[in-house]
Amino acid sequence: MVKEQADVRRFFREQLDRLGTDYVDYYWLHAVNAATYETAKRVDAFGELRALKAEGLTRHIGLSFHDSADVLDRILTEHPEMEYVQLQLNYFDWDSKSVQARKCYEVCVKHGKQVVVMEPVKGGSLAKLPEELEQIYRREQPDLSTASWAVRFAASLENVLAVLSGMSNMEQVEDNTSYMKDFQPLSDVEQDAVKQVAAALRSKITVDCTACGACLEQCPQHIPMPAYFDMYNEHCQMNKYTNGMVYYANFPAGTGKASACDGCGSARRCAPKSCPSGSC
């Protein structure tokens, strides 16, 4: 939405008005990648953030990031004033070739930056696992939820400032606070259990889509690719062909079916710029 330098300050003022506050504790450039980084430089968004901090309108400045570790390394080298980076980080994506969670985290450590974790439970997909994998966790910690292992994995990393967990009901809030109010990092044995589960999951995945939604506006046929990829992956992982086809058949009207794809390449052109995985 930022087209020129003045937009940065204008949007910030609108945000302050909506929040009803005089300043923001943490303010960052959203969804930075190789393409949007060029835009940020052109409109001097980094300079505007430095100015907002100097004026006391924000306490800390940083960026959220969706691209390769090499791109992140270049950005932090050129902008050491950035204090933190928000990363998609979970044990499934830790060694992912597309998300590069480990590599991006290591870049932050190299530059002495704190990390804010998004997608620790990978959109909820790590909250419910196949029974044989949940058994691995229950053998070690029978009273802890499956989701807790994903949140604790992220929170156990030394440079992590905060873990952002999406919660949709009070039960999930109470579950998260139950083990985070007196947080205990994963032990070596628990780390081994997480590695075992991650390896098993990755051996079954077919389409490594993060469901970021970057492709949706690009598709002229309105095909909900992340949702279909998710159904297909679940079908491959759970070996439940019938359920996958039922979900596909009953998907909300007004969205295009996968068969409607005419191979125009719009989503594929979008992928290198916005989609962390390039699955389309």
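The values are calculated or read from the model by the stated rules, or taken from the named source; none is laboratory data. Just so you know, these numbers come straight off a predicted model, no measurement behind them. When we count neighbours, we look across all protein chains shown, and the Cβ atoms used for this are built from the backbone with ideal geometry, even at glycine. For accessibility, only protein heavy atoms count, side chains too; no ligands or nucleic acids. Shrake-Rupley method; radii C 1.70, N 1.55, O 1.52, S 1.80 Å.
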| field | In the stretch 99-147, the residues that are at pLDDT below 95, open to solvent by less than 30 Å² (accessible area, probe 1.4 Å) and over 30 Å from LEU63 (Cβ atoms) | value | LEU129, PRO130
| query | Given the conditions (1) within 25 Å of VAL32 (Cα to Cα); (2) open to solvent by 50 Å² or more (accessible area, probe 1.4 Å); (3) out of contact with any Gly (no Cβ under 9 Å at 6 or more places or on another chain), and given that PHE183 satisfies all but one, which numbered condition is not satisfied? | reply | (1)
| request: With respect to LYS128, determine if the residue is basic (Lys, Arg) and over 27 Å from GLN172 (Cα atoms). | output: no
| task | Please go through the stretch 127-151 and pick out each residue that is out of contact with any helix residue (DSSP H, G or I) (no Cβ under 7 Å at 6 or more places or on another chain) and not small (Gly, Ala, Ser). | result | GLU131, GLU132, GLN135, ARG138, ARG139, GLN141, PRO142, ASP143
| request: Kindly indicate whether VAL151 is among the β-branched types (Val, Ile, Thr), closer than 29 Å to PHE229 by Cβ and either part of a strand (DSSP E or B) or at pLDDT below 95 (or both). | output: no
| field | Failed item, numbered, when LEU89 is tested on (1) among the hydrophobic types (A, V, I, L, M, F, W, C); (2) open to solvent by less than 30 Å² (accessible area, probe 1.4 Å); (3) free of Cβ contacts under 8 Å to residues at least 40 places away in the same chain | value | (3)
| message | aliphatic (A, V, I, L, M), farther than 26 Å from CYS209 by Cβ, out of contact with any Phe, Trp or Tyr (no Cβ under 6 Å at 6 or more places or on another chain) and open to solvent by 20 Å² or more (accessible area, probe 1.4 Å): is that true of ALA51 in this structure? | response | yes
| remark: In the stretch 189-235, residues that are at pLDDT below 80, open to solvent by less than 20 Å² (accessible area, probe 1.4 Å) and in a loop (DSSP other than H, G, I, E, B) total 1
| field | Close pairs from the stretch 93-113: first in contact (Cβ under 8 Å) with a residue 40 or more places away in the chain, partner assigned to a helix (DSSP H, G or I) and open to solvent by less than 60 Å² (accessible area, probe 1.4 Å), Cβ under 7 Å, at least 6 apart | value | ASP93/ALA101; TRP94/ALA101; TRP94/ALA198; LYS113/LEU76
| said: Regarding the stretch 123-144, can at least one residue be identified that is over 22 Å from LYS53 (Cα atoms), under 17 Å from the mean Cα position of the chain (by Cα), touching a residue at least 40 places away in the same chain (Cβ under 8 Å) and outside any loop (DSSP other than H, G, I, E, B)? | reply: no
| field | Conditions (1) of a type in the set (A, V, I, L, M, F, W, C); (2) in contact with a Phe, Trp or Tyr (Cβ under 9 Å, 6 or more places away or on another chain); (3) modelled with pLDDT of 75 or more; number of the one not met by PHE251 | value | (3)
| note | Among residues of the stretch 255-280 being in contact with a helix residue (DSSP H, G or I) (Cβ under 8 Å, 6 or more places away or on another chain) and among the aliphatic types (A, V, I, L, M), the residue modelled with the highest pLDDT is ALA258
| field | Residue count, the stretch 1-22 (criterion: open to solvent by less than 100 Å² (accessible area, probe 1.4 Å) and either under 21 Å from ALA35 (Cβ atoms) or hydrophobic (A, V, I, L, M, F, W, C) (or both)) | value | 8
| task | Please give the number of the condition ALA31 fails out of (1) under 21 Å from ALA162 (Cα atoms); (2) surrounded by fewer than 14 Cβ atoms within 10 Å (Cβ to Cβ). | result | (2)
